[in-house]
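What follows is calculated from the coordinates using simple rules that are stated; it is not laboratory data. Everything numeric here is computed off the predicted structure, so don't read it as measured data. Backbone-built Cβ (ideal geometry, glycine too); neighbour counts: all protein chains shown.
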Amino acid sequence: MAAGRLLTLPVGLALALVLAGCGAPTTGTGGFVTGDGTITVVAVADRRPAPVIAGETLDGGTWSSETAAGKVIVYNVWGSWCPPCRAEAPALQAAAEATADQAVFVGVNTRDLDPAPARAFVRDAGITYPSLFDPAGSLLLGFAGDLPPSAIPSTLVVDAEGRVAARVIGATTESTLVGLIDDIAGGR
């Protein structure tokens, strides 16, 4: 039983750090940590494999990163309660449409304990790509060793070879995402 508690402590601590936004530069309204738009791009030679991300979507379906093999994957971590998430939603949808031939966009809804507000957010924002329902943030733990999404919103980009390639901490723009996707899809 003691070994089980010891294993639970590091997992719980890692989850708390990811969801609390440890190290992110700005405290947002509503008691969450938001970022400043800092972009980190990992050199091609230094990229490590991304975790397999799979789960239930807000519409009751399922999604797995294994179904997007060979494409760039863009994960956007968001919450329905997050004002910067609301502000960036149109840019994400526009970037998803502009790069549909190169990239797959997936939302990761976190800290919403009830999926109803998250579904309303997606509907009101006109988001057409799937969003995984991850109230505890457990899907995000797989990125903890590379580029953890340490603020809400955060956006992670995985290259077509399945390696963690870039991260944006905080709200982003359509042009930033399109540029990142173009660069990463082009092998940079």
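Odds and ends about this structure:
- In the range 122-141, the condition of being out of contact with any His (no Cβ under 8 Å at 6 or more places or on another chain) and within 20 Å of Thr38 (Cα to Cα) is met by at least one residue.
- In this entry, Pro90 passes the filter for residues that are surrounded by fewer than 20 Cβ atoms within 10 Å (Cβ to Cβ) and closer than 19 Å to Val178 by Cα.
- Among the residues of the range 60-110, those that are of a type in the set (S, T, N, Q) and either touching a Pro at 6+ places or on another chain (Cβ under 7 Å) or outside any loop (DSSP other than H, G, I, E, B) (or both) comprise Thr62, Ser64, Ser65, Thr67, Asn76, Ser80, Gln93, Asn109, Thr110.
- Considering the range 165-188, and only residues there that are in contact with an Asp or Glu (Cβ under 9 Å, 6 or more places away or on another chain) and either small (Gly, Ala, Ser) or under 14 Å from Val108 (Cβ atoms) (or both), the residue that is surrounded by the fewest Cβ atoms within 10 Å (Cβ to Cβ) turns out to be Gly187.
- Filtered residues of the range 110-166 (kept if basic (Lys, Arg) and within 30 Å of Asp46 (Cα to Cα)): Arg163
- Of the candidates Ala151, Ala116, Ala120, Ala144, the single residue that is surrounded by 18 or more Cβ atoms within 10 Å (Cβ to Cβ) and more than 12 Å from Gly55 (Cβ to Cβ) is Ala151.
Residues are listed down the side, and each one gets a yes or a no for (1) of a type in the set (D, E, K, R); (2) in a helix (DSSP H, G or I):
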| position | (1), (2) |
| --- | --- |
| Ala120 | no, yes |
| Phe133 | no, no |
| Pro149 | no, no |
| Thr155 | no, no |
| Ala171 | no, no |
| Thr176 | no, yes |
| Asp182 | yes, yes |
